[in-house]
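The values are calculated or read from the model by the stated rules, or taken from the named source; none is laboratory data. Please read all numbers here as calculations on a predicted model, not as lab measurements. Here Cβ is always computed from backbone atoms with ideal geometry, including for glycine, and neighbour counts include all displayed protein chains.
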Amino acid sequence: MFRRSKLRLSHVGLLTATTVAIMTIGPVGAASASDQTPSAIQALAVVPGLQTASDPSSPAHVVDSAQGFSVESTPGKNTTVQRVNARHSAVTHTKDGQAVADNTSTDTDTVVQKLPTGARIIEVIRSSDAPTDFTYKVDVPAGAKLLPQTDGSILIGTQSQTGGVVTINADGMIGAPWAVDAKGKPVRASYKVSSGGVITMHVEHSKSVAYPVVADPTYSWNGFQVSWGTWTPWRVTVQLNKARSDDAQDVGAGICIGVAFVPGVGAILAAICGVHNLIIRAAYRYGWCEVWHVDLFTHDMDVSVYRGGFCT
């Protein structure tokens, strides 16, 4: 009876994207190749906090070409995202969890940043001569698939249906695409998912935008299972595994975990900001995991704990 607490979702707001919480950008950890801040890093200033969000202690690893990264999402499960069809370019700058490779395409530089909960590849587009399409190869854990969502994000995991219950087990997620020009105005961007784990990011930049334009695919690891009934798609259950329960109880209300849309009604299950009282924190220490019960109609969320099943 002491394991449950309730939050009115209207108090934290429903977001219209499957995003993983507060994401900071993580470091590569190598020594700087230059004391001068390269123009590619300077260009990130258009997005508040983008230059300084890196985290050198991130478990993500930058690949040798500095055009991608590898992350162990859960023990023994790695996801690798790497730019393909790019010009070979040596790393020109590494500092504070950021690696820069110049001229990876015409008038394009690439910045890889490590995040506390993942990593991202930022394309810095310097002119209208730069390509509009950027292609990435995504290697996912065995058995997992790329699951595109209606908001443009891509879950990495499995989806199944047993009777009238749909279940998604998410090992990771690539956030919805975005791009911003030098004046801070959004530039339209989208993903296309092809066979073999290939994602193409399309950025609709042209001479009408202010250059440089920055755009990225951002990966964050997850450990959650979301399920809903085909007849009651507005009632959603989210189970966190032990690792994500640990994140939630450590960060408290500061972490929001995007958990997927509900296709039955075309609604977006918003990022849910955790409610973490002392009982739930204590329960986790004894081997419990968090479970959230969400009603999209009433905007209510109950937070409790569970054992077994997805709690590994």
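Among the residues of region 202-239, the ones that are touching a residue at least 24 places away in the same chain (Cβ under 8 Å) and either more than 30 Å from PRO48 (Cα to Cα) or acidic (Asp, Glu) (or both) come to 16 in all.
Need a quick list: strands (runs of 3 or more DSSP E) entirely within region 61-129 having at least 3 residues that are among the small types (Gly, Ala, Ser) and crowded, with 19+ Cβ neighbours inside 10 Å.
Values: elements: 68-74, 77-84, 91-95, 98-105, 108-115, 118-125.
Correct list: 98-105.
Take the residues of region 49-60 that are touching a strand residue (DSSP E or B) at 6+ places or on another chain (Cβ under 6 Å) and polar (S, T, N, Q): which is surrounded by the fewest Cβ atoms within 10 Å (Cβ to Cβ)? The selected residue is SER54.
So in region 151-205, with the set limited to residues that are in a strand (DSSP E or B) and among the charged types (D, E, K, R), which one is modelled with the lowest pLDDT?
Top of the filtered list is ASP171.
Of everything listed in (1) modelled with pLDDT of 90 or more; (2) in contact with a strand residue (DSSP E or B) (Cβ under 8 Å, 6 or more places away or on another chain); (3) not assigned by TED's automatic domain parsing to the domain that holds LYS137, the single unmet condition for VAL226 is (1).
Considering only residues in region 130-150 that are in a strand (DSSP E or B) and out of contact with any Gly (no Cβ under 9 Å at 6 or more places or on another chain), the one that is surrounded by the fewest Cβ atoms within 10 Å (Cβ to Cβ) turns out to be ASP133.
Do we have any residue at all in region 93-109 that's closer than 19 Å to VAL71 by Cβ and modelled with pLDDT of 90 or more? No, because not a single residue in region 93-109 is closer than 19 Å to VAL71 by Cβ and modelled with pLDDT of 90 or more. Taken over region 151-195, the criterion of being surrounded by fewer than 16 Cβ atoms within 10 Å (Cβ to Cβ), in contact (Cβ under 8 Å) with a residue 24 or more places away in the chain and over 17 Å from ASP133 (Cα atoms) is satisfied by GLN161, GLY164, VAL165, ALA182, LYS183, GLY184, LYS185.
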